[in-house]
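Undergrad: Quick one: the structure is below, and I'll ask about it shortly.
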Ligand SMILES: [Ca+2]
Ligand SMILES: [Ca+2]
Ligand SMILES: [Zn+2]
């Protein structure tokens, strides 16, 4: 998402691309471009990667791609197909007439690293926000977005052990930017600008920003490109999944949205995502944790992923037994943030033992 001034917001999509001082000097952001070359001069280009950033937070790697984007932008927005009745909504990106989504082979193992080198003192804050934002999606739909911490020391855009990398960057016109499933590995980065730490205050949070960016990672487009908003049009390369949702996590509030800046998932966001990826159980086997011994009292099923203290689904310091299907591995942590003493479990366990009873505060679930 980008920080967009009021002036940009009312001016429409073209002006969202440009930020004063960040584009070529020959760009006049107050004049709507009449050809591709004029347009290109006004698109921000990341100095470190040379990718162009459009729609606030979407990278485009090639000039051909940028030209296609420009042509889409110049096309007239479609007329709402069903005026007066609910029209369709959460929307998925389309590439070559197909949904831009993760394959079944990847969607339950969307592995990422968090760069220790670029996050520096913000490392743990970024790790925690990524975990929480990932779970907001994977707790409801058939995807698993998994932090591979042992790659954090070598977490670059070239690291092939992960699907994407998370970096902190400086002096960018956006708060953060992400990518779509169809992007190549080198562009598959979530870049968090330092303004995400400096200017952000509730309801806008780093976690909320990352929930929005992970929506792009899963293939979702900005909800506000839909014709119903009458502003912020991007292009027509998308397919609606649910009724128009001005509260959507994928809707910029400044583009006629009705949500606050909290960027929470709505019921429509979840329903639309389930249409593409299935529900949580669609990521194969689930582990079930229980508050009492012998698989009783409050329980919660967990797919592959990391679950910190607020994502356990049962009370903190209450876990007493759990069921673990073959091929899965659970690590219980004594403290929040995957800290403290650990216990690794690979089988059904009727009682975790006195030494770990009522102590678990965070959990990692992996497939072996
Ligand atoms: Ca208990
Ligand atoms: Ca504890
Ligand atoms: Zn966005």
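Derivation of every value follows stated rules applied to the coordinates shown; laboratory data play no part. Here the structure is a predicted model, which means the values were calculated and not measured. Positions of Cβ are generated from backbone atoms using ideal geometry, with glycine treated the same way; all protein chains shown enter the neighbour counts.
Undergrad: Once the stretch 257-320 is represented by equal point scatterers at the alpha-carbon sites, with solvent omitted, what log10 I(q)/I(0) does the Debye formula produce at q = 0.17, 0.19 Å⁻¹?
TA: These q points yield log10 I(q)/I(0) values of -0.78, -0.89.
Undergrad: Something else: Take the chain, connect every pair of alpha-carbon atoms lying under 10 Å apart with a spring to form a Gaussian network, then pick out the residue of 261, 102, 297 with the largest mean-square fluctuation.
TA: 297
Undergrad: Could you state, as a whole-number percent, how many of the C-alpha pairs of the stretch 305-368 are farther apart than 21 Å?
TA: So the pairs more than 21 Å apart make up 12 percent of the total in the stretch 305-368.
Undergrad: Say each of residue 329 and residue 161 gets a label point 7 Å from the Cα, pointing the same way as Cα to Cβ; how far apart are those two points in nm?
TA: 1.4
Undergrad: Connecting C-alpha atoms closer than 10 Å in a GNM of the chain, tell me which of 49, 118, 225 has the biggest fluctuation.
TA: 49
Undergrad: Hey, another quick one. What Kirkwood hydrodynamic radius do you get for the stretch 201-333 when you take the inverse of the mean 1/r over all pairs of distinct Cα atoms, in Å?
TA: Taking the inverse mean of 1/r over all distinct Cα pairs, the stretch 201-333 comes out at 17.1 Å.
Undergrad: Computed from the mean reciprocal separation of all distinct C-alpha pairs, what Kirkwood hydrodynamic radius does the stretch 127-207 have, in Å?
TA: 13.8
Undergrad: Note down the relative contact order for the stretch 278-368 as a percent, whole number, built from C-alpha pairs under 8 angstrom at least six residues apart.
TA: Relative contact order comes out at 32 percent.
Undergrad: Can you compute the equivalent ellipsoid semi-axes for the stretch 152-248, i.e. the square root of 5 times each eigenvalue of the Cα gyration tensor, sorted largest first and rounded to whole Å?
TA: They are 26, 19, 11 Å, listed from largest to smallest.
Undergrad: Given the stretch 103-151 reduced to its alpha-carbon atoms as identical point scatterers, what log10 I(q)/I(0) does the Debye formula return at q = 0.16, 0.23, 0.29, 0.30 Å⁻¹?
TA: The Debye formula, applied to the Cα set alone, gives -0.47, -0.83, -1.07, -1.11.
Undergrad: While we're here: How compact and how long is the chain, expressed as Rg and Dmax of its alpha-carbon atoms in Å?
TA: When restricted to Cα atoms, the chain yields Rg and Dmax of 21.5, 72 Å.
Undergrad: Mind giving me the nanometre distance, one decimal, between the label points for residue 32 and residue 185, set 7 Å out from Cα along Cα→Cβ?
TA: Placing both labels 7 Å along Cα→Cβ, they lie 4.3 nm apart.
Undergrad: Relative to the longest principal axis of the C-alpha atoms of the chain, give the angle of the C-alpha long axis of helix 206-217, reported between 0 and 90° and rounded to the nearest 10°.
TA: 70
Undergrad: Calculate how many DSSP beta bridges within the chain are antiparallel, expressed in % of all such bridges and rounded to the nearest 5.
TA: 80
Undergrad: Helix-derived [θ] at 222 nm for the chain: sum -39500 (n - 2.57) over DSSP H runs of at least 4, divide by residue count, nearest 500?
TA: -5500 deg cm²/dmol
Undergrad: Can you give me the pair-distance distribution of the stretch 79-235, C-alpha pairs, 10 Å bins, whole percents?
TA: Spelled out per bin, shortest first, that is 10, 38, 34, 15, 3, 0.
Undergrad: Can I ask one more? For the stretch 196-272, take every pair of Cα atoms, bin their distances at 5 Å starting from 0, and report each bin as a whole percent.
TA: Final binned percentages: 3, 17, 27, 27, 17, 7, 2, 0.
Undergrad: Go through 121-127, 195-201, 177-183, 306-312 and give me the packing order, highest mean Cβ count within 10 Å leading.
TA: Packing proxy ranking, top to bottom: 177-183, 306-312, 121-127, 195-201.
Undergrad: May I pose another question? Binning at 10 Å from 0, report for the stretch 239-286 what percent of all alpha-carbon pair distances ends up in each bin.
TA: Pairs per bin, as whole percents: 27, 44, 23, 7, 0.
Undergrad: Measure nothing but the geometry: give the 0 to 90° angle between the long axis through the Cα atoms of 267-277 and the longest principal axis through the Cα atoms of the chain, rounded to 10°.
TA: Result, in degrees: 80.
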